[in-house]
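These notes concern the structure reproduced below.
The values are calculated or read from the model by the stated rules, or taken from the named source; none is laboratory data. Because the structure is a prediction, the values reported are computed rather than measured. Methodologically, a virtual Cβ is constructed for each residue, glycine included, from the backbone with ideal geometry; neighbour enumeration extends over all protein chains shown. Side chains are part of the model used for accessible areas, which takes the heavy atoms of the whole protein and leaves out ligands, DNA and RNA. Shrake-Rupley method; radii C 1.70, N 1.55, O 1.52, S 1.80 Å.
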Amino acid sequence: MIIHSPDALESIRQEAVKLLSVREDCNNSSSVKAAGLEKGTPRIQVLCCGGTGCKASESARIVDCLRESLQAHGVAEKVDVVVPGCFGFCEKGPIVKIIPDNTFYTSVRPEDVEEIVTSHIVGGNRVERLLYQDPRTGEHISDSKHMNFYRKQMRIALRNCGFIDPENILEYIARDGYKALASSLTRDSLEVLSDIKSSGLRGRGGAGFPTGVKWEIARKFDAPEKYVVCNADEGDPGAFMDRSIMEGDPHSVIEAMMICGYCINAHHGLIYIRAEYPLAVHRLQVAIAQAREYGLLGKNILGTGFDFEIEIRYGAGAFVCGEETALIHSMEGKRGEPTLKPPFPAEAGYMGRPTNVNNVETLANVPVILTRGPQWFASIGTEKSKGTKVFALAGKINNVGLIEVPMGTTLREIIYDIGGGVKGGKRFKAVQTGGPSGGCLTEKHLDIPIDYESLAAAGSMMGSGGMIVMDEDDCMVSVAKFFLEFTVGESCGKCTPCRIGNKRMLEILTRITDGRGTLEDLDKLETLASVIKDTALCGLGQTSPNPVLSTLSNFREEYEEHVSSHVCRAHKCKALLTYSIDPAKCKGCSACARGCPAEAIVGEVRKPFVINPSLCIRCGMCLSRCKFGAINVI
Ligand SMILES: Cc1cc2nc3c(=O)[nH]c(=O)nc-3n(C[C@H](O)[C@H](O)[C@H](O)COP(=O)(O)O)c2cc1C
Ligand code: SF4
Ligand code: SF4
Ligand code: SF4
Ligand code: FES
């Protein structure tokens, strides 16, 4: 069915809205009572998360079991099973949500389905044991609106994730989908561009460059062919916001690419996505096919005379291929290596033609900025960083998942209010923002409002939105080494400072964690880091020393302990550990000696045993074997 005009789209939207009205109403209300067919609820919807995280925990089987059980109970006609994208609370997945009472079931197993159907869907009684339990109060919470994890969030880029069926274009249209495109195509493209500029939207891919300005530059270069590229490479370890958007709301990316094309006078879009994201690829393919079927992609879109086509290009998963020039080379079939800028892609990008590259999350903001107005968007956030930011909250935190908060929210609010605090009641030590390009921030940074400038001033960066929380058991030297190992492995090797300099830094860090470091090594690290930052060719090398520099600056005493006292206070650096037996606690049971692979423990039964430090290989076996707490590790 081809939609021939903006008016025809509006008629379809008005019909489609009915599809989602119950879900929309639930979004805006709170229901205390559970719905149930026997209690007179006429229709029920079951939303079962179809994001990659929940799929990995058998959510697809839950969907099958649901459909079978509903059939078996003769109620399939009255219950819709919907598979939306990620709800964000992946750690508690698979998530199953019941509409109209908004019950949010967590950690659902296929075995739980029968009870959900009989007890809740038919009988109208919630299954209490599957409700989220607040870690602080122990209280069971049935509606996600009342969970701390969601309370401080504001979902703009993630507005449709966990809400609509991403494989049904009508559900997207019902949420004002393609409305921004339709109105843009009837306006002067300069006006549309000016809205994006005045919204204050900045690139979410890392650098925070103003999106409207970028479009304006690309618009200025004239060429027979121009390109809009969506950067869906998402190589930061731990980051999965772009994947979730593509899995949960692929049409928002497609719509935004077309609006960008209209503004810069391009008719060809390319989505560069890593092949390791099969579900996101599938959802994009379905969305592109549906958009074509509705005439929202292709020739003479909505009868306005505007043509646009989108192709998907696959990356092989190299971190450096997320850098825009390397990405373009990779799409051209060349080695995925960066080149010096200028020329910027806006002037000479894909096939030497003007190319605008934007990140997935950046693009997902575009349609809603135009439908709700640039002033609305600009009213959210801080003076220089407008709107919201999606973070992948991970590490030693109670609530792990994908969150979206207004710019200016503090790290404390994210970690303690949304994240529920540090896991196991341990002491907070640091938070790494910005992935391998970012830095480790400490307690003293917890109250800074998160925006591009504040994070950079604190010695870290926004990056694409990775956020890893660390506790007292984390060794900051090992953390720096972990990130450097990643960048060394991912360096393309084109320029010397990154190829060789980072390797030398890693060797120094390895010496330190092996107990062979010296105080001079710390100075060498600092010198090397600043040279690499200043001389590396691309952003990968220029930012790779950040984890080392930030840990050196915020946790220098830990580095000094490693080199001067040969102590790792977090007990993470194996080579620095000393195992001994406390004679007062040892019962002489011999369990440790029997388990020691190095035969380093000797003694007589029922008398205290002793460890020979020269034979000990620090494997930790004795610690796990001793039931009397007699093994000391320092
Ligand atoms: C090593 C490296 C990796 C990058 N990886 C990504 C990525 O995975 N996704 C992304 O959108 N931007 C990535 N970028 C930033 C891109 O080069 C580019 O700035 C961005 O796609 C522009 O889009 P934006 O303005 O919407 O942020 C990376 C940059 C560097 C230096
Ligand atoms: S900085 Fe590293 S990744 Fe970038 S071009 Fe140089 S070697 Fe390649
Ligand atoms: S296992 Fe514990 S109690 Fe038993 S001999 Fe070893 S140290 Fe002593
Ligand atoms: S740490 Fe391993 S090698 Fe060392 S004493 Fe214990 S069991 Fe033996
Ligand atoms: S994948 Fe299901 S909640 Fe994230």
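Can you tell me how many residues within the stretch 307-323 are open to solvent by less than 40 Å² (accessible area, probe 1.4 Å) and either of a type in the set (Asp, Glu) or not in a helix (DSSP H, G or I) (or both)?
Residues meeting the conditions: 7.
Only one residue in Ser530, Ser464, Ser491 is over 23 Å from Lys574 (Cβ atoms), in contact with a strand residue (DSSP E or B) (Cβ under 8 Å, 6 or more places away or on another chain) and among the hydroxyl-bearing types (Ser, Thr, Tyr). Which one?
Ser464
Exactly one of these conditions fails for Gly50: (1) free of Cβ contacts under 8 Å to residues at least 12 places away in the same chain; (2) within 28 Å of the chain's Cα centre (by Cα). Give me its number.
(1)
Quickly run through the stretch 20-32 and pick out the residues that are surrounded by fewer than 19 Cβ atoms within 10 Å (Cβ to Cβ) and out of contact with any Lys or Arg (no Cβ under 8 Å at 6 or more places or on another chain).
Across the stretch 20-32, the qualifying residues are Ser21, Glu24, Asp25, Asn27, Asn28, Ser29, Ser31, Val32.
Select, from Glu413, Glu485, Glu453, the only residue that is assigned to a helix (DSSP H, G or I), of a type in the set (Asp, Glu) and modelled with pLDDT under 95.
Every option except Glu453 fails the conditions.
Looking only at the stretch 93-109, count every residue that is at pLDDT 95 or above, open to solvent by less than 10 Å² (accessible area, probe 1.4 Å) and of a type outside the set (Ser, Thr, Tyr) and tell me the total.
Qualifying residue count, the stretch 93-109: 6.
Considering Ile380, Ile328, Ile369, which residue is among the β-branched types (Val, Ile, Thr) and more than 22 Å from Ile264 (Cβ to Cβ)?
One residue alone meets the criteria, Ile380.
Pairs needed: first member in the stretch 522-544, at pLDDT below 95 and within 12 Å of ligand 2 (Cβ to nearest atom); second member anywhere, open to solvent by 50 Å² or more (accessible area, probe 1.4 Å) and among the polar types (S, T, N, Q); C-beta distance under 9 Å; at least 6 residues apart or different chains.
Pairs that qualify, where the first residue is at pLDDT below 95 and within 12 Å of ligand 2 (Cβ to nearest atom) and the partner is open to solvent by 50 Å² or more (accessible area, probe 1.4 Å) and among the polar types (S, T, N, Q): there are none.
Here is a check on your reading of the model: is Pro497 in contact with a strand residue (DSSP E or B) (Cβ under 7 Å, 6 or more places away or on another chain) and within 16 Å of ligand 1 (Cβ to nearest atom)?
no
Does Asp447 meet the test of being of a type in the set (D, E, K, R) and without any contact (Cβ under 8 Å) to a residue 40 or more places away in the chain?
It is true that Asp447 is of a type in the set (D, E, K, R) and without any contact (Cβ under 8 Å) to a residue 40 or more places away in the chain.
Give Lys572, Lys524, Lys587, Lys533 a once-over and let me know the one that is basic (Lys, Arg), more than 16 Å from ligand 3 (Cβ to nearest atom), open to solvent by 20 Å² or more (accessible area, probe 1.4 Å) and in a loop (DSSP other than H, G, I, E, B).
Of Lys572, Lys524, Lys587, Lys533, the one residue that is basic (Lys, Arg), more than 16 Å from ligand 3 (Cβ to nearest atom), open to solvent by 20 Å² or more (accessible area, probe 1.4 Å) and in a loop (DSSP other than H, G, I, E, B) is Lys572.
Can you tell which of Ser580, Ser565, Ser550 is more than 16 Å from ligand 3 (Cβ to nearest atom), touching a strand residue (DSSP E or B) at 6+ places or on another chain (Cβ under 9 Å) and on the phi < 0 side of the Ramachandran plot?
Being more than 16 Å from ligand 3 (Cβ to nearest atom), touching a strand residue (DSSP E or B) at 6+ places or on another chain (Cβ under 9 Å) and on the phi < 0 side of the Ramachandran plot holds for just one of Ser580, Ser565, Ser550, which is Ser550.
Give me the residue from the stretch 225-265 that is away from ligand 1 (no atom under 13 Å from the Cβ) and open to solvent by 10 Å² or more (accessible area, probe 1.4 Å) and, out of that set, nearest to Gln285 (Cα to Cα).
Tyr227
Return the only residue of Ala76, Ala34 being among the small types (Gly, Ala, Ser) and either in contact with a strand residue (DSSP E or B) (Cβ under 9 Å, 6 or more places away or on another chain) or in contact (Cβ under 8 Å) with a residue 60 or more places away in the chain (or both).
Ala34
Please find, among Tyr579, Tyr559, the residue that is buried (at least 18 other Cβ atoms within 10 Å of the Cβ), of a type in the set (Ser, Thr, Tyr), under 24 Å from Asp474 (Cβ atoms) and within 16 Å of ligand 4 (Cβ to nearest atom).
None of the other options fit; the residue is Tyr579.
Go through the stretch 536-549 and give me each residue that's under 21 Å from Thr325 (Cβ atoms) and surrounded by fewer than 24 Cβ atoms within 10 Å (Cβ to Cβ).
Across the stretch 536-549, the qualifying residues are Leu537, Cys538, Gly539, Gln542, Thr543.
Residue-wise test of (1) acidic (Asp, Glu); (2) at pLDDT below 95; (3) open to solvent by 30 Å² or more (accessible area, probe 1.4 Å); (4) outside any strand (DSSP E or B).
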{"position": "Pro42", "(1), (2), (3), (4)": "no, yes, yes, yes"}
{"position": "Val46", "(1), (2), (3), (4)": "no, no, no, no"}
{"position": "Val63", "(1), (2), (3), (4)": "no, no, no, yes"}
{"position": "Gly74", "(1), (2), (3), (4)": "no, no, yes, yes"}
{"position": "Cys86", "(1), (2), (3), (4)": "no, no, no, yes"}
{"position": "Glu91", "(1), (2), (3), (4)": "yes, yes, yes, yes"}
